[in-house]
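Everything on this sheet refers to the single structure shown next.
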Amino acid sequence: MNKIIISIIALFFFFPAYIFPQSINKTQEQISKDSPFGMSGAISRPSIESGKVNPADPLNKLSGSKEPYKHTLELEVKWVRPGADIYWHSVQPNPEYINNNRFDCGITDIFYGRVPQGINILATIDALPWGVNIHPAFKPGTWEFTDEKAEKYYVKFVKEVVERYDGDGYKDMPELKNPIKYWQIGNEPALRSVLAGNKEITKELFNKDPNWKGYTHFTEITYKAIKENDTEARIALAGMAGGYPVSKSEDAFIQRFAEKEWDFYAKILQNLQGKYIDIFDIHYYGSSDGGIKGWQWDKIKNTYNVFRRLLDENGYKNTEIWITETAVPNKPFGERFQAINLVKRYIYPLSLGVKKIFWWNMIEGEYPLEVDKPSNHFGLVYDGIGKDDPGYGIKKLSYYTYKKMVEVLEGSDWNNIQKVQESGGIYIYKFTKQGKSIWVAWNDNSAEKQITISG
């Protein structure tokens with residue numbers, strides 16, 4: 001039997017075999033749909049190239065002929081969440097719009113209508129943005145409509161938006177480049193209902209009930225409205241914020257909320273019993289323990305196993321699990337740490353059975369722009385804001401790492417990832433692409449290790 005003996009230092013390496021032209025007749029469209037590589041907040045935000053940023057404009061409106069997805073195209077990422085949810089509050093900002101059946105999709109046309117062909121879109125449709133006072137159509141702090149009329153108006157909004165972007169030729173957005181066939185119902189709803197318009201998280205807020213009953217109904221009516229206008233659409237349940245298991249060392253009130261959120265999703269799955277959900281979404285970042293250990297990549301296994309079991313037990317055996325948000329910052333740990341962690345946060349979950357993984361985000365920086373906050377350094381490209389920032393458009397090591405990962409692995413058989421070793425700090429995975437083998441391996445030990453790969 002042939003053997004390959006290699007030394008692994010405390011970094012990651014790809015070991016591609018010689019790759020010949022594709023022998024399996026698979027269309028580019030199918031390769032694109034099968035691809036696990038995604039980006040949330042995929043917009044290149046060309047409006048900040050000048051260095052002039054208006055913090056009061058959280059959407060960073062695009063203009064002119066600049067390509068808003070230039071980095072996405074360069075990375076050859078096949079899935080995007082553009083970074084601007086489609087909110088009822090934005091499309092119908094006041095009662096006058098609702099009463100007169102008026103819809104303003106100007107902002108969403110910019111973000112969604114300009115996604116290049118060949119890139120799949122996961123669009124988030126929701127009632128209102130973060131930080132906005134509770135919508136008058138909902139009872140405060142809940143997902144329950146005030147009355148049947150309010151619910152009817154919301155359903156009308158959903159149908160109108162889906163019709164505009166479904167690409168069937170009827171009432172489509174003018175010059176729509178790429179139809180939307182994947183929808184997500186809301187974003188982190190348990191946390192949203194707890195916050196109830198408050199921007200700051202307090203112990204009192206964490207003691208609130210996330211209102212799973214209201215959100216279960218909200219999911220059902222939104223799913224039905226989307227499917228009524230586009231039977232081909234696939235729909236994801238809103239992402240859970242607490243995809244990272246909470247440790248015993250964290251504050252008790254954070255532990256209580258984590259328990260409530262997991263219970264929130266468990267009850268939704270038990271109540272809907274196999275209906276109204278095509279995709280289950282997990283957001284996975286790090287714990288609040290602080291320090292470099294708070295950004296562990298392997299803790300996703302427990303979360304995945306728990307929800308895979310819950311899905312299977314409640315009629316969702318064919319429902320895929322996606323991670324539509326994951327990231328680690330390059331500050332204060334360095335670009336090398338971020339780049340190495342990026343590979344692990346893709347390869348390891350894929351080996352578990354996760355189907356799509358979206359990094360958050362392309363250009364660093366989140367509003368409000370608090371440059372010392374870790375989440376402002378998740379991006380793969382610098383935004384030119386803050387001390388020691390080298391300037392807008394400068395690509396981090398993680399950017400080139402992502403590009404290489406896609407280049408080497410895209411087109412693999414994603415249903416046939418073999419775990420060669422996951423012990424002793426050594427992780428080795430075998431991928432098959434075009435009939436040839438590719439090994440991805442890394443060493444989490446401080447010292448060099450030698451391994452033998454047979455076959």
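The values are calculated or read from the model by the stated rules, or taken from the named source; none is laboratory data. This is a predicted model, so every value here is computed, not measured. No Cβ is skipped: glycine too gets one built from the backbone with ideal geometry, and neighbour counts run over all protein chains shown. Accessible surface is based on the protein model in full, side chains and every heavy atom, while ligands, DNA and RNA are left aside. Shrake-Rupley method; radii C 1.70, N 1.55, O 1.52, S 1.80 Å.
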Quiz item: Hey, rough spin-label estimate for Tyr97 and Asp389, points 7 angstrom out along Cα→Cβ, what's it come to in nanometres?
Solution: 2.9 nm
Quiz item: What fraction, in whole percent, of alpha-carbon pairs in segment 303-455 exceed 26 Å separation?
Solution: 39 percent
Practice problem: Any chance you could look up the accessible area of Arg102 with a 1.4 Å probe, heavy atoms only, rounded to 10 Å²? | Solution: 100 Å²
Quiz prompt | Under Karplus coefficients 6.51, -1.76 and 1.60, residue-wise ³J(HN,Hα) of segment 373-384 in Hz, glycine/proline x | solution = 7, x, 5, 7, 10, 6, x, 8, 10, 5, 9, x
Quiz prompt | Cross-link pairs beyond the 28 Å C-alpha cut-off, checked among Lys213/Lys317; Lys33/Lys387; Lys70/Lys299; Lys66/Lys404; Lys66/Lys227; Lys267/Lys301 | solution = Lys33/Lys387; Lys70/Lys299; Lys66/Lys227
Practice problem: Can you tell me how much longer the chain between Asn445 and Glu422 gets when fully stretched, taken as 0.36 nm per residue apart minus their C-alpha distance, in nm with one decimal? | Solution: 7.0 nm
Quiz item: Gain in length, Glu67 to His89, computed as 0.36 nm per residue apart minus the alpha-carbon separation, to one decimal in nm?
Solution: 5.2 nm
Quiz item: Measuring with a 1.4 Å probe in the full set of protein chains, what accessible area per residue, in whole Å², belongs to segment 79-176?
Solution: 44 Å²
Practice problem: Please sort 153-162, 376-385, 321-330 by packing, taking for each peptide the average over its residues of neighbouring beta carbons within 10 angstrom, highest first. | Solution: 321-330, 376-385, 153-162
Quiz item: Each label point is 7 Å from the Cα along the Cα-to-Cβ direction; what then is the distance between the points at Lys275 and Lys33, in nm?
Solution: 2.6 nm
Quiz prompt | Surrounding net charge for Glu366, when Lys and Arg each add one and Asp and Glu each subtract one, Cβ distance under 11 Å | solution = -2
Quiz item: His89: accessible area at probe 1.4 Å, nearest 10 Å²?
Solution: 60 Å²
Quiz prompt | Amide N of segment 423-455 lying under 16 Å from the label point, which is placed 7 angstrom from the Cα of Tyr400 along Cα→Cβ | solution = none
Practice problem: Please say if segment 295-392 is rounded, prolate or oblate, where rounded means a/c under 1.5 for a ≥ b ≥ c the square roots of the C-alpha gyration tensor eigenvalues, and otherwise the choice is prolate for a/b larger than b/c and oblate otherwise? | Solution: prolate
Exercise. Along Cα→Cβ, 7 Å out, is where each label goes; now give me the distance between the ones at Thr432 and Lys152 in nm to one decimal.
Key: 5.6 nm
